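K.L.:
So that we are looking at the same thing, I have put the structure below in structure tokens.
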């Protein structure tokens, strides 16, 4: 059972200075601290444009009219509520424990829970709506939290109550997600992306739906490069399939190459579809990953 | 190189086994570990480089090589390898210990000779070099090894302590030949005899021949012959050398006895011979025995019952074993025969001369006083189903009816059956028969006599009874007047009732041959002894004097075996034979290499640890 404190207090305080970046103009409910590319009623000046009939005369810039004799309308940047939807993979593959003796003893699923909590907190911090959606073969009952960081505690409780089970079906889960959450928003997918069917279709659907999505690839060091050598019988955590292999340094190197190639494919897929991709190695402390790794991937600033 | 602890073959076998075990351990792979992973997709994508090995491979061949080398050096250390030419191979000594009856001799006030033989043998063994191999042989009528060639002193002393005297005369040439065969082909060998060294004349000649044969052997392989005589000779001893009994031919219950007594001493001696049966003394005789001479003693006595006859001489002397001899007297049981005849004058004289048959003459149809063992029908028709063994002379009329042809006027007996016990001693041809007819013969009948091809006498066995059928009336033949007739009748009765034992002769210990089939033989001690069959005889080795029981298919009989005449000629020992055993070549202190091998073994041991440790670290 995971500890209720997925994020410690100091880290939460640090997160107050971190902002989740959106790369798309997302229409949401006005009133958030989240700046939008939409212009409208806001506090922050954005630009001028010529007055045309029908514009609200309250936004006319009378000083400019006195100097130039022309009517200009002051344009303000709208601050909208952007729903942040965190899809967290709860399939059995997320429950695989890293091998003992590895540098990072953090279980993969717990690592993903921490990241989900981080994104939810970042959303709540900016008065956005945070939605935590567990999924495996399909999405499970989500948690919607809104109204500021005071609502973060239920998110923690929800995350702590999650367990792993079932196989990953990203496409089915995304389809269901898109049917259930029609509004655009930021979609953060926390998964190991070990779906046999691949992630292409799911990502394309997210793009078509207009979501600003982030693929966060959570994996352990052992999943990147096997550490056990010799004759092994490997069992797929999701399918139960067994395979007898001979693991050697050469085989491990080939394995790592295949893994990194897969990661590259995911990254290119995300980029091609206007999304972002980040690789969360569980051996890296999650605080470092959030503050450095995600910043490097232009997910937060 | 000399391998003392283990032979090169044994060392090679041990090393091979250990090396094979090491290779097996190196090739042995533990059961593959089951590991749960998030996905197998990447393993599938690198199937070529992660395919399990079908052939087992040694993970660290250098470690294995080091270990095999380590094992080799350790085995060499255990083998106690020594440099060539510095070690002593050891001599091969065949030690013959005299276990004949003479070794039982105990001179007054001295230890028994067998004790002195043991002491001498122990001293001899103790003086041997460590590498000497000794074969110890007990020399009596047989020559049986007590322990095969060994360098183990404890085993030698144990065999000497277990060495026992027998009741036989030693066959020393036979023991010497066995010893020579045992040391044949061996360098620095010796044959050593320890004992009283008493021979008879033939043995003395064979030993001379043995010496000559030894001299003809190549010097390198010529065994040294040494003789260690024990005890002084002559000794004051008297012994019974023969005991024989025979029945009186006219009175079967009358026995004649012959006992031969020998004086082995250098002084004349008076000896009392006591004859007793089952503890009842029959007679005492005093014999005056000259020095070194034997004397027979005769006796006659009447004794119808069987029993154990003992002959004993007194006073006691140095050797007790030959002071007593035994013989088994068989019980005399005459055969009861009933003769049914109208005219007994033909057969009466025949049976009157035979003391072993008690006859009762009866008219035809008469009832005998007791059930006879043999019924004789003299020209009287026999009952259709005889209840006893019988001899039938068919009457002339019956003979006519029994045959299919016409009775011949006169027939001459032309042949006897020499194979059958009834007629095997009969040779006479001057026998004629009238009014005889050919006898019908069955497949199991044996024809005893023919006239040309016509059977005149037939032996038959039916319904458990034996029968001799004559196709003629004795009155119609000249056979009753022939010497062969009583012999024919006696042999027929003997075939039916068994032989009468006329002898009660005794045998001597050693190699014994007994006629007749036998199943088991029991020594006087009650122990069953092994035997061999040679034709219709059985052979056994009897080392103990007394009464032996021989059990066969036809019952049990007893055989008395006494000590044979003991050899009384001392072995003339030559100076060479009385010399000491040739000294063993000087043994230079052999440089032992095992510490060096142990030190060398540490190097591959370290290398194996190093390479195997490296492999573990890589894993």
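The values are calculated or read from the model by the stated rules, or taken from the named source; none is laboratory data. The structure presented is a predicted model; accordingly, all values stated were derived computationally and were not measured. All Cβ positions, even for glycine, are placed from backbone atoms using ideal geometry, and neighbour counts span all protein chains on display.
K.L.:
State which residue is modelled with the lowest pLDDT when the search covers only the stretch B:424-440 and only residues that are buried (at least 16 other Cβ atoms within 10 Å of the Cβ) and touching a helix residue (DSSP H, G or I) at 6+ places or on another chain (Cβ under 7 Å).
P.N.:
Applying the filter and picking the extreme gives B:437.
K.L.:
May I ask you to list the residues in the stretch B:377-394 that are surrounded by 15 or more Cβ atoms within 10 Å (Cβ to Cβ) and either out of contact with any strand residue (DSSP E or B) (no Cβ under 9 Å at 6 or more places or on another chain) or within 14 Å of residue B:472 (Cα to Cα) (or both)?
P.N.:
Within the stretch B:377-394, B:377, B:378, B:379, B:380, B:382, B:391, B:392, B:393, B:394 qualify.
K.L.:
With a cut-off of at least 1 residues that are over 23 Å from residue A:139 (Cβ atoms) and touching a strand residue (DSSP E or B) at 6+ places or on another chain (Cβ under 7 Å), name the strands (runs of 3 or more DSSP E) lying wholly within the stretch A:190-278.
P.N.:
Hits in the stretch A:190-278: A:230-236, A:242-247.
K.L.:
So which pairs qualify, if the first residue must be in the stretch B:461-488 and outside the structural domain of residue B:415 (by TED's automatic domain parsing) and in a helix (DSSP H, G or I), the second must be surrounded by fewer than 19 Cβ atoms within 10 Å (Cβ to Cβ) and modelled with pLDDT under 90, the Cβ gap must be under 7 Å, and the two must be at least 6 apart or on different chains?
P.N.:
From the stretch B:461-488, no pairs qualify.
K.L.:
Taking the condition away from chain A (no Cβ under 14 Å), at pLDDT 85 or above, out of contact with any strand residue (DSSP E or B) (no Cβ under 9 Å at 6 or more places or on another chain) and over 30 Å from residue A:251 (Cα atoms), does residue B:69 pass?
P.N.:
yes
K.L.:
Which count do you get for residues in the stretch B:244-278 that are within 31 Å of the chain's Cα centre (by Cα), surrounded by fewer than 16 Cβ atoms within 10 Å (Cβ to Cβ) and outside any strand (DSSP E or B)?
P.N.:
Qualifying residue count, the stretch B:244-278: 1.
K.L.:
State whether the residues of the stretch A:139-146 include one that is touching a residue at least 60 places away in the same chain (Cβ under 8 Å), in contact with a strand residue (DSSP E or B) (Cβ under 6 Å, 6 or more places away or on another chain) and in a loop (DSSP other than H, G, I, E, B).
P.N.:
no
K.L.:
What number goes with the only condition from (1) more than 30 Å from residue A:190 (Cα to Cα); (2) in contact with a helix residue (DSSP H, G or I) (Cβ under 8 Å, 6 or more places away or on another chain); (3) modelled with pLDDT of 75 or more; (4) surrounded by fewer than 16 Cβ atoms within 10 Å (Cβ to Cβ) that residue A:16 does not pass?
P.N.:
(1)
K.L.:
Pick out the one residue from A:87, A:113, A:71 that is at pLDDT 85 or above, away from chain B (no Cβ under 14 Å) and more than 31 Å from the chain's Cα centre (by Cα). I'd like the intermediate steps shown before the answer.
P.N.:
Details: A:87 fails: more than 31 Å from the chain's Cα centre (by Cα); A:113 fails: more than 31 Å from the chain's Cα centre (by Cα).
Result: A:71 is the single residue among A:87, A:113, A:71 that is at pLDDT 85 or above, away from chain B (no Cβ under 14 Å) and more than 31 Å from the chain's Cα centre (by Cα).
K.L.:
Evaluate the stretch B:38-49: report whether one residue or more is modelled with pLDDT under 70 and not assigned by TED's automatic domain parsing to the domain that holds residue B:220.
P.N.:
No: zero hits.
K.L.:
Could we say that residue B:459 is under 23 Å from residue B:340 (Cα atoms), in contact with a helix residue (DSSP H, G or I) (Cβ under 8 Å, 6 or more places away or on another chain) and buried (at least 19 other Cβ atoms within 10 Å of the Cβ) here?
P.N.:
For residue B:459, the condition - under 23 Å from residue B:340 (Cα atoms), in contact with a helix residue (DSSP H, G or I) (Cβ under 8 Å, 6 or more places away or on another chain) and buried (at least 19 other Cβ atoms within 10 Å of the Cβ) - is met.
K.L.:
From B:469, B:479, B:487, B:559, grab the single residue that is under 25 Å from the mean Cα position of the chain (by Cα) and buried (at least 16 other Cβ atoms within 10 Å of the Cβ).
P.N.:
Selected residue: B:559, the only one of B:469, B:479, B:487, B:559 that is under 25 Å from the mean Cα position of the chain (by Cα) and buried (at least 16 other Cβ atoms within 10 Å of the Cβ).
K.L.:
Please state which one of B:568, B:560, B:527 is at pLDDT 85 or above and out of contact with any strand residue (DSSP E or B) (no Cβ under 9 Å at 6 or more places or on another chain). Before the answer, list the steps.
P.N.:
On the way: B:568 fails: out of contact with any strand residue (DSSP E or B) (no Cβ under 9 Å at 6 or more places or on another chain); B:560 fails: out of contact with any strand residue (DSSP E or B) (no Cβ under 9 Å at 6 or more places or on another chain).
B:527 is the lone residue from the list that is at pLDDT 85 or above and out of contact with any strand residue (DSSP E or B) (no Cβ under 9 Å at 6 or more places or on another chain).
K.L.:
Just one of B:113, B:102 is in contact with a strand residue (DSSP E or B) (Cβ under 6 Å, 6 or more places away or on another chain), closer than 14 Å to residue B:197 by Cβ and buried (at least 21 other Cβ atoms within 10 Å of the Cβ); which is it?
P.N.:
Going through B:113, B:102 in turn, the sole match is B:102.
K.L.:
Assuming residue A:127 fulfils every condition listed in (1) modelled with pLDDT of 90 or more; (2) part of a loop (DSSP other than H, G, I, E, B); (3) out of contact with any helix residue (DSSP H, G or I) (no Cβ under 8 Å at 6 or more places or on another chain) apart from one, which condition is it?
P.N.:
(1)
K.L.:
Related question: Conditions first: (1) closer than 30 Å to residue B:231 by Cβ; (2) out of contact with any strand residue (DSSP E or B) (no Cβ under 8 Å at 6 or more places or on another chain); (3) buried (at least 16 other Cβ atoms within 10 Å of the Cβ). Residue B:542 passes all but one, so which condition is the exception?
P.N.:
(2)
K.L.:
Assess whether residue A:243 counts as being more than 14 Å from chain B (Cβ to nearest Cβ) and surrounded by fewer than 21 Cβ atoms within 10 Å (Cβ to Cβ).
P.N.:
In short, no.
K.L.:
Sticking with this structure for a sec: In the stretch A:246-260, which residue that is at the interface with another protein chain (Cβ under 7 Å from one of its Cβ atoms), without any contact (Cβ under 8 Å) to a residue 12 or more places away in the chain and under 21 Å from residue A:193 (Cβ atoms) is nearest to the chain's Cα centre (by Cα)? Lay out the reasoning, then the answer.
P.N.:
Our first condition is that a residue be at the interface with another protein chain (Cβ under 7 Å from one of its Cβ atoms); within the stretch A:246-260, this holds for A:246-247, A:250-251, A:254-255, A:258-259.
When the remaining residues are screened for being without any contact (Cβ under 8 Å) to a residue 12 or more places away in the chain, the result is A:250, A:254, A:258.
With the extra rule that they be under 21 Å from residue A:193 (Cβ atoms), the set shrinks to A:254, A:258.
Details: A:254: 30, A:258: 24 Å.
Checking each candidate, the answer is A:258.
K.L.:
Inside the stretch B:511-531, can you point out the residues that are loosely packed, with under 10 Cβ neighbours inside 10 Å and assigned to a strand (DSSP E or B)?
P.N.:
Result: B:515, single match.
K.L.:
All but one of (1) modelled with pLDDT under 90; (2) closer than 30 Å to residue B:605 by Cβ hold for residue B:85; state the number of the condition that does not hold.
P.N.:
For residue B:85, the failing item is (2).
K.L.:
Any idea how many residues of the stretch B:22-40 are surrounded by 12 or more Cβ atoms within 10 Å (Cβ to Cβ) and either in a strand (DSSP E or B) or more than 7 Å from chain A (Cβ to nearest Cβ) (or both)?
P.N.:
Final tally of qualifying residues: 8.
K.L.:
Residue by residue through the stretch B:88-104, note down the ones that are within 30 Å of residue B:593 (Cβ to Cβ) and at pLDDT 85 or above. Explain how you work it out, then say what you get.
P.N.:
Let us first name the residues in the stretch B:88-104 that are within 30 Å of residue B:593 (Cβ to Cβ), namely B:88-93.
B:91, B:92, B:93 - these are the residues of the stretch B:88-104 that are within 30 Å of residue B:593 (Cβ to Cβ) and at pLDDT 85 or above.
K.L.:
Right, another one. For the stretch A:264-292: of the residues being out of contact with any helix residue (DSSP H, G or I) (no Cβ under 8 Å at 6 or more places or on another chain) and surrounded by 16 or more Cβ atoms within 10 Å (Cβ to Cβ), which is nearest to the other protein chains (Cβ to nearest Cβ)?
P.N.:
Of everything passing the filter in the stretch A:264-292, A:266 is nearest to the other protein chains (Cβ to nearest Cβ).
K.L.:
Another question, if that's okay. Would you say residue B:368 is outside the structural domain of residue B:262 (by TED's automatic domain parsing), at pLDDT below 90, farther than 30 Å from residue B:243 by Cα and surrounded by fewer than 12 Cβ atoms within 10 Å (Cβ to Cβ)?
P.N.:
It is false that residue B:368 is outside the structural domain of residue B:262 (by TED's automatic domain parsing), at pLDDT below 90, farther than 30 Å from residue B:243 by Cα and surrounded by fewer than 12 Cβ atoms within 10 Å (Cβ to Cβ).
K.L.:
Got at least one residue in the stretch A:223-240 being closer than 19 Å to residue A:89 by Cα and more than 9 Å from every other protein chain (Cβ to nearest Cβ)?
P.N.:
yes
K.L.:
Please verify whether residue A:209 is in contact with a helix residue (DSSP H, G or I) (Cβ under 9 Å, 6 or more places away or on another chain), more than 14 Å from residue A:88 (Cα to Cα), surrounded by 24 or more Cβ atoms within 10 Å (Cβ to Cβ) and more than 13 Å from chain B (Cβ to nearest Cβ), treating the condition exactly as stated.
P.N.:
Numbers: in contact with a helix residue (DSSP H, G or I) (Cβ under 9 Å, 6 or more places away or on another chain): yes; more than 14 Å from residue A:88 (Cα to Cα): yes; surrounded by 24 or more Cβ atoms within 10 Å (Cβ to Cβ): no; more than 13 Å from chain B (Cβ to nearest Cβ): yes.
No: the conditions fail for residue A:209.
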